[in-house]
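Q: Pasting a structure here, questions to come.
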Amino acid sequence: MVKKDRMKTDGKATLTLNGQTYELPVIVGTENEHAIDITNLRNETGYITFDPGFANTGSCSSNVTFVDGEKGILRYRGYPIEDLAAHGTFIETAYLLIFGELPTRTERQEFRHLLDEQELLHEDLRHHFEGFPSNGHPMAILSAVINALGCYHPDLLRINTEEDFLRAAAKIISKVRTIAAWSFRKAQGLPFMYPDPKLTYCRNFLHMMHSLPHRPFEPTDAQVRALTLFFLLHADHEQNCSCSTVRMVQSTEANMFASVSAGICALWGRLHGGANAGVIAMLEKIHEGNFSVQECVERVKKKEFRLMGFGHRIYKSFDPRAKILREAANDMLKSTGYNDPLLDIALELAETALNDEYFTERKLYPNVDFYSGIILRALGIPVNMFPVMFAIGRMPGWIAHWNEANTDGIVKIHRPRQIYTGRAPRKYVPLDLRK
Ligand code: ACO
């Protein structure tokens, strides 16, 4: 198990309330991030803090991922995302996130073998797909089937040992791509393709998506590389909405299957995992002539709609993942000869927005979703599967956070407070007297 570093304290902050002074510890992280520890604030003062959207609230300490939004830095377990993207694979990155260190050659081999062993679904679970309508949204199917997976492994609903954790993590990371691919096959009315253990993680996924019984799908190296990068760059992003959801559900001591299933639901929304589908819809409207790039930017500035794939709660200079994916999209399209006019529109749109004060003043830059949809389209992934792809990539991160929360020895259910703004106490009105 990963050993978690302790937080250090660094002096005290002073709070004065109604003439009384309180001292609050200041804590500091590895990267010199400071926080005021308000753990005892309500007990000591009777006050709570008010922070809708939690933009100023540290909900936990974590060893997994570091993001510096001002400087555009993203590191998994201390390794810069640029290095992992240049040299690593998705599986190696998953191992790093989950176990805290890059695997040795033997560890990588063993982990791959474990994932290969887990790639099939129980045949009864296969029948669950028959219960969904063919136009059922693949995110609903993914969330439901991952949760149902727990029914097939009741011994893993409570994780007590490292061995249990490893088995549960491997099952989810391996089977999530089988479930995702089968939801697509179901929607297409195509036979389910069983996984092929001879193939690597990404090739295997593309095989289950696109092969036919009489015609195997053989992706190019550039396509596999682009998919690897897509998964790797999405593998974790510290306490975002879906990760926080996973940790919140875990705080009730819910099992790993249920917790990541809740994470999938949180990811589904348009402002989170659904954003890259919004980008494609916007680019298609421009392509179809509904409005020009310039008109699109003007309408965004009038706040008729948001420029999808722009802006980020954390990144206020640039999103390092967007830079890497822009190159990957370019390389893949070039090497496959697939000409996507939407990439040219995206590049023009980004250029126009980045030279406009509305965006620069608000520090709005392309985020990871701005280019990822182009890659997914070129891989033959339909738009409604985009958040599913994000969920496959994010699974190692969710699992790493689930495990960190499960093993950090702090048993505290997540339970924020509120400022009540409803009606003051009033008398019950009998039915006959109500107007
Ligand atoms: N287009 C136009 N204006 C925007 C955009 C955008 N994409 N994003 C923020 N703004 C504006 C807001 O209207 C607001 O303007 P105002 O000061 O005049 O009121 C200002 O910028 C600040 O906006 P907030 O909503 O407070 O910014 P926040 O940091 O909370 O939002 C978010 C982050 C949700 C990602 C937002 O930028 C957005 O909606 N982007 C589009 C959706 C998107 O791409 N989501 C993917 C995020 S990355 C991910 O989940 C992997």
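Q: When both residues are 6+ apart or on different chains and their Cβ atoms are under 7 Å apart, which pairs have a first residue that lies in the stretch 310-322 and is in contact (Cβ under 8 Å) with a residue 24 or more places away in the chain, and a second that is more than 7 Å from the ligand (Cβ to nearest atom) and polar (S, T, N, Q)?
A: none
Q: Determine whether the stretch 122-135 contains at least one residue that is under 16 Å from MET395 (Cα atoms), in contact (Cβ under 8 Å) with a residue 24 or more places away in the chain and buried (at least 16 other Cβ atoms within 10 Å of the Cβ).
A: Pass one, the stretch 122-135, residues under 16 Å from MET395 (Cα atoms): none.
No, because not a single residue in the stretch 122-135 is under 16 Å from MET395 (Cα atoms), in contact (Cβ under 8 Å) with a residue 24 or more places away in the chain and buried (at least 16 other Cβ atoms within 10 Å of the Cβ).
Q: Are any residues in the stretch 249-279 part of a loop (DSSP other than H, G, I, E, B) and away from the ligand (no atom under 12 Å from the Cβ), and if so, which ones? Show your work before the answer.
A: Taking the stretch 249-279 first, the residues part of a loop (DSSP other than H, G, I, E, B) are 251-255, 268-274.
Answer for the stretch 249-279, where residues must be part of a loop (DSSP other than H, G, I, E, B) and away from the ligand (no atom under 12 Å from the Cβ): SER251, THR252, GLU253, ALA254, ASN255.
Q: Looking at ASN339, ASN330, can you tell me which residue is free of Cβ contacts under 8 Å to residues at least 24 places away in the same chain, more than 21 Å from ASN355 (Cα to Cα), outside any loop (DSSP other than H, G, I, E, B) and more than 16 Å from the ligand (Cβ to nearest atom)?
A: Every option except ASN330 fails the conditions.
Q: Would you call ASP51 modelled with pLDDT of 95 or more and under 19 Å from ILE314 (Cα atoms)?
A: On the way: modelled with pLDDT of 95 or more: yes; under 19 Å from ILE314 (Cα atoms): yes.
So ASP51 passes the test.
Q: Related question: Between GLY78, GLY72, GLY53, which is surrounded by fewer than 11 Cβ atoms within 10 Å (Cβ to Cβ) and on the phi > 0 side of the Ramachandran plot?
A: Numbers: GLY78 fails: surrounded by fewer than 11 Cβ atoms within 10 Å (Cβ to Cβ); GLY72 fails: surrounded by fewer than 11 Cβ atoms within 10 Å (Cβ to Cβ).
After ruling out the rest, the residue left standing is GLY53.
Q: When the residues of the stretch 280-304 are narrowed to those that are in contact (Cβ under 8 Å) with a residue 12 or more places away in the chain and within 14 Å of the ligand (Cβ to nearest atom), which ends up farthest from PHE386 (Cα to Cα)? Step through it out loud before you land on a result.
A: First, pick out the residues of the stretch 280-304 that are in contact (Cβ under 8 Å) with a residue 12 or more places away in the chain: 280-284, 286-287, 293-294, 296-297, 300-301.
With the extra rule that they be within 14 Å of the ligand (Cβ to nearest atom), the set shrinks to 280-283, 296-297, 300-301.
Details: ILE280: 10, ALA281: 12, MET282: 15, LEU283: 15, CYS296: 23, VAL297: 24, VAL300: 23, LYS301: 27 Å.
The qualifying residue farthest from PHE386 (Cα to Cα) is LYS301.
Q: If ARG362 satisfies every condition in (1) more than 10 Å from the ligand (Cβ to nearest atom); (2) surrounded by fewer than 16 Cβ atoms within 10 Å (Cβ to Cβ); (3) over 30 Å from ASN160 (Cα atoms) but one, which is the exception?
A: Single failed check for ARG362: (1).
Each row is one residue, and each column tells you yes or no for (1) more than 21 Å from THR93 (Cα to Cα); (2) in a helix (DSSP H, G or I); (3) within 14 Å of the ligand (Cβ to nearest atom).
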| residue | (1), (2), (3) |
| --- | --- |
| HIS312 | yes, no, yes |
| PHE318 | yes, no, yes |
| ALA353 | yes, yes, yes |
| PHE390 | no, yes, yes |
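Q: Also: Could you list, in sequence order, all residues of the stretch 273-327 that are touching a helix residue (DSSP H, G or I) at 6+ places or on another chain (Cβ under 7 Å) and of a type in the set (Lys, Arg)?
A: Passing the criteria: LYS301, ARG306, ARG321, ARG326.
The values are calculated or read from the model by the stated rules, or taken from the named source; none is laboratory data. All of these numbers come straight from a predicted model, not from anything done at the bench. A quick note on method: Cβ atoms are made from the backbone with ideal geometry, for glycine too, and the neighbour counts reach across all protein chains shown.
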